[in-house]
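Coordinate-derived values only; no laboratory data. These figures come from a predicted structure and were not determined experimentally. A quick note on method: Cβ atoms are made from the backbone with ideal geometry, for glycine too, and the neighbour counts reach across all protein chains shown.
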């Protein structure tokens, strides 16, 4: 028999890998670094998600890591959807690579901590961060000095 733990769990907020931490916190440049700013008027619209997926596809193709596009699109879809639903809208999507790692970073308009819920069998929502956790080598968030939060996820190539 399968049982489900219905208690919400906050993500551990683990520290990003050193290379990503240096880029996000110290402002250092990345090897491959692409930024997509979401327009203020459309930052809360579901169409942002498909726009983000197209940006991922074009960017990873131009970097020669198109084999990661499907997984990266899934991760970005979940992070952007969460930004729309829980973060006051998506502000920016940033893709970075460093050696064999690819990072997806979504900035939203909230400082609220992401919660990886444990949905029951019949829930329509609540599986996004579990999917991110399953596909990525690590994920977490950082808050900025402004009222924004960066949610990052790292995929291995």
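If I model a spin label as a point 7 Å beyond the Cα along the Cα-Cβ vector, how far apart are those points for residue 92 and residue 32 in nm?
2.0 nm
Can you put 53, 41 in order of Cβ neighbours within 10 angstrom, beginning with the fewest?
With the fewest neighbours first, 53, 41 line up as 41, 53.
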